[in-house]
1. Taking amide H positions as placed 1.01 Å from N in the peptide plane, with prolines and chain starts having none, which residues 5 or more places from Leu62, or on another chain, fall under 5 Å of its amide H?
2. Got a sec to turn the phi values of region 126-141 into Karplus ³J(HN,Hα) couplings, 6.51 cos²θ - 1.76 cosθ + 1.60 with θ = phi - 60°, whole Hz, x for Gly and Pro?
3. Apply the Karplus parameterisation 6.51 cos²θ - 1.76 cosθ + 1.60, with θ equal to phi minus 60°, to every residue of region 102-115 and state each ³J(HN,Hα) to the nearest whole Hz, in sequence, with x for glycine and proline.
4. What Kirkwood radius, in Å to one decimal, follows from the Cα pairs of region 107-223?
Amino acid sequence: MSSATTVLSKRPAGMAVRAYVTVSAAVLLALAVLLLLARVRAGRPQAQVAEKLARTGAFERLDFRWPDTALQSLEAAPWATESERPATADLGGGVVLVNLWATWCKPCRTELRDLVRVFREFQSRGVRLVLVSYDDDWDAQKALFDEILGGPPAGVMLLRDPKGRGDGQASGGPDTLWGRLGATGIPETFFVNRGRVVGKAIGDIGWTATEIRDYLDALVGGG
């Protein structure tokens with residue numbers, strides 16, 4: 001009788017432990033679901049706007065790591081400050097727009113003013129702009145900046161790809177900036193978010209569009 005009583009007396013304690021474990025597991029699962037939902041909600045604005053842009057055919061969603069040292073083979077503008085030179089460039093943090101362009105490219109010239117204007121709107125929130133030219137020299141760029149913007153845009157990293165060709169075709173292999181980014185033409189603007197390339201605008205996307213501002217706002221906000 002005593003041994004049976006002992007066994008019976010242990011059962012409630014064991015059941016209580018199992019119940020406690022079950023409840024704890026349920027709580028942890030609920031917390032995990034809530035965290036997952038929070039992340040989904042946080043990413044929803046960016047995903048929705050990116051999908052809307054993609055349907056226009058002028059935006060492509062991407063997801064790959066920004067190639068380290070990708071800018072270091074490029075030539076900085078003669079008037080660049082030390083912080084605007086590729087050797088000191090770090091695209092690992094924040095949101096960066098990397099625009100491939102040339103002065104002889106009509107869509108590039110068309111979008112330049114609005115691209116810089118949108119950059120100015122988000123500059124105070126940490127967004128940076130890098131213009132990579134495929135011109136043969138700097139004279140044409142300086143003249144265009146003077147004509148359209150009243151001079152080279154302050155705070156913008158201005159670079160030239162010496163491996164680019166004047167006919168608009170990329171030269172070099174997969175180790176060039178063009179090849180590493182998978183560029184197909186100009187203008188193209190790559191969106192870099194915290195060290196990852198998350199999308200690119202193809203052609204003159206129309207930088208004053210609400211969708212562009214919404215997308216940048218989502219990227220800056222971590223969405």
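1. Gly199, Lys200
2. For region 126-141, the Karplus-derived couplings read x, 6, 10, 10, 10, 9, 10, 8, 10, 7, 6, 8, 9, 4, 5, 5 Hz, x marking Gly and Pro.
3. Per-residue couplings from phi come out as 7, 6, 7, 8, 4, x, 5, 5, 5, 8, 4, 4, 5, 4 Hz.
4. Radius from the Kirkwood sum: 15.2 Å.
Coordinate-derived values only; no laboratory data. Here the structure is a predicted model, which is why all the values come from computation and not from measurement.
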